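**Q** Below is a structure I'd like to ask you about.
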Amino acid sequence: MKHPRDQFFTIIKRNKYIADKQKFEEPFKKFLVFHNINFVSEYHPIPKRRFRADFYLKAYNCLIEIEGGIWNQGRHNRGYGYAADVRKYNDYILHGYKLLRFTSDDFLQLSKNDYYPKDYVKTTIERLINPDGYK
């Protein structure tokens with residue numbers, strides 16, 4: 001049985017994860033709304049699997065994943081987590097979805113004490129929306 005102290009620290013760690021995640025996802029949501037792109041956040045793309053994509057752009061059948069914890073040996077770059085992500089991304093593709101992956105660094109353009117998606121994110125989404133405009 002876990003010690004109550006361990007449970008307390010798990011809750012703190014989970015709340016910090018949610019706060020960090022929102023720091024990057026909220027500006028991206030605003031960006032999508034501004035460009036009139038319909039999306040679903042925390043989308044469950046494959047019914048028999050538990051995992052969720054960070055965003056789903058309905059009109060483009062595209063899933064978007066924002067990878068966090070890449071510099072602090074987070075889940076995404078440890079052996080087990082990386083292998084699980086590879087399988088998850090392959091499942092997305094095999095089920096017919098397009099997949100775009102970004103890192104939290106792609107959103108770390110600090111301006112006026114707020115976070116905005118960097119030009120790379122904007123350009124990538126614009127290319128998805130208008131593929132003929134980029135040859």
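The values are calculated or read from the model by the stated rules, or taken from the named source; none is laboratory data. As the structure is a prediction and not an experimental result, all values here were calculated from the model. Virtual Cβ from ideal backbone geometry, glycine too; neighbours counted across all protein chains shown.
**Q** How many of the residues in segment 1-56 are at pLDDT 80 or above and among the hydrophobic types (A, V, I, L, M, F, W, C)?
**A** 12
**Q** Next up: Only residues that are among the polar types (S, T, N, Q), at pLDDT 75 or above and over 22 Å from residue 98 (Cα atoms): list them for segment 57-87, please. Can you show your working first?
**A** So in segment 57-87, the residues among the polar types (S, T, N, Q) come out as 61, 72-73, 77.
In the following step, the residues that additionally are at pLDDT 75 or above were identified as 61.
Listed by number, the list is empty, since nothing qualifies.
**Q** Going by the conditions given, is residue 91 outside any strand (DSSP E or B), modelled with pLDDT of 75 or more, more than 20 Å from residue 50 (Cα to Cα) and not β-branched (Val, Ile, Thr)?
**A** no
**Q** Could you look through segment 96-106, keep only residues that are of a type outside the set (D, E, K, R) and surrounded by 12 or more Cβ atoms within 10 Å (Cβ to Cβ), and pick out the one that is nearest to residue 45 (Cα to Cα)?
**A** 97
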